[in-house]
Amino acid sequence: MKKVILGVLALIFTIALVIAGYMMFASPNLQKHTVTDAPCPYTWKELRDGTVRLEINTLSYPDHNWNVECYPKNVVAVTREESTTETVVFSILPLNAGQSFAQVFCEQAEPFTVRVFEIGMQIEVSDENALVIEETTQKAYEGMADLGKAGGNLSYWVDPNGAINLLIEEERGIWEAVDYDAESISVNGPFYREASCGFEILGKKAGTFPLTISNGEDKTFLLNVVVAEDLTATITELSEDDHASEGSEEENNG
């Protein structure tokens, strides 16, 4: 009887080992890595077929667009897979041995395309076609900052290069930048699109510089542009005047 019991236990133990081994072999995941301290937490999994599955929580930007850039493209291929309202998925497939960098990014589409978040992935593919994610980094951008919808409906945002983008949703008049120091800040525009007008402001040297934008008729915006040491710019003060500024950019800047 004792031998029978021992035999049954041994058989159960053997079956358990076989099942455990099968589950380990059949499991698609080898390793799982998670980053939680980001606006969009993300996880990447190494799969047994040699690919890597990147899953990103998109709740912070539910209505934005996700895309990917990869270079050089002959080392790995990155494609977007099925997505839900809360998660976006990318697959990374090894192609050839070498180093590659993939950048998965999120963009706000309206009123202009503005990058708000990105994940950078340093990738190595071995001679045996094994894919390893060596390092990941993430960066959040300011996106668009709305400064109010009164009167001229002025909005602004800072792009990844540190330039200020102004958007004025106003049809009246011909807008121009006046009363600013052209040696300290560069103002490009106006750029017209449907019922709006845009300007791009770039910093040339650190400091705080006033800027006036007028439609030449009855609306003027007075701004303070602050340029940091790395030449990234932002706006700290904004006021609106119902009287157009006199003069033009050529007259005020020589």
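The values are calculated or read from the model by the stated rules, or taken from the named source; none is laboratory data. This one's a predicted model, so the numbers in the text were calculated from it and none came from an experiment. Reconstructed Cβ throughout: ideal geometry from the backbone, glycine too, with neighbour counts over all protein chains shown. To get the accessible areas, we keep the full protein, side chains included, count just its heavy atoms, and leave off ligands, DNA and RNA. Shrake-Rupley method; radii C 1.70, N 1.55, O 1.52, S 1.80 Å.
Show me the strands (runs of 3 or more DSSP E) entirely contained within region 72-187 in which 2 or more residues are touching a Ser or Thr at 6+ places or on another chain (Cβ under 7 Å).
Details: elements: 76-80, 87-94, 98-108, 114-125, 131-140, 144-146, 154-158, 164-168, 176-178.
Once the strands (runs of 3 or more DSSP E) in region 72-187 are filtered for at least 2 residues that are touching a Ser or Thr at 6+ places or on another chain (Cβ under 7 Å), what remains is 76-80, 87-94, 114-125, 144-146, 164-168, 176-178.
Exactly one condition in (1) on the phi < 0 side of the Ramachandran plot; (2) outside any strand (DSSP E or B) is not met by Cys197; state its number.
Against the list (1) on the phi < 0 side of the Ramachandran plot; (2) outside any strand (DSSP E or B), Cys197 comes up short only on (2).
With Ala163, Ala206, Ala145 as the choices, which residue is modelled with pLDDT of 90 or more and either open to solvent by less than 50 Å² (accessible area, probe 1.4 Å) or touching a Gly at 6+ places or on another chain (Cβ under 7 Å) (or both)?
Working: Ala163 fails: modelled with pLDDT of 90 or more; Ala145 fails: modelled with pLDDT of 90 or more.
After ruling out the rest, the residue left standing is Ala206.
For region 207-227, which positions are in contact (Cβ under 8 Å) with a residue 60 or more places away in the chain and either farther than 16 Å from Asp179 by Cβ or not in a strand (DSSP E or B) (or both)? Break it down into steps so the answer makes sense when it comes.
First pass over region 207-227, keeping only residues in contact (Cβ under 8 Å) with a residue 60 or more places away in the chain: 215, 219, 221, 225.
Asn215, Lys219 - these are the residues of region 207-227 that are in contact (Cβ under 8 Å) with a residue 60 or more places away in the chain and either farther than 16 Å from Asp179 by Cβ or not in a strand (DSSP E or B) (or both).
From the list Glu55, Glu82, exactly one residue is modelled with pLDDT under 95 and of a type outside the set (A, V, I, L, M, F, W, C). Which is it? It would help to see each step written out before you state the result.
On the way: Glu55 fails: modelled with pLDDT under 95.
Glu82 is the lone residue from the list that is modelled with pLDDT under 95 and of a type outside the set (A, V, I, L, M, F, W, C).
Could you figure out which of (1) open to solvent by less than 70 Å² (accessible area, probe 1.4 Å); (2) under 18 Å from Val132 (Cα atoms) isn't true of Asn96?
The failed condition is (1).
Only one of (1) in contact (Cβ under 8 Å) with a residue 40 or more places away in the chain; (2) farther than 19 Å from Glu118 by Cβ; (3) open to solvent by less than 70 Å² (accessible area, probe 1.4 Å) fails for Trp66. Which number is that?
Trp66 satisfies every listed condition except (2).
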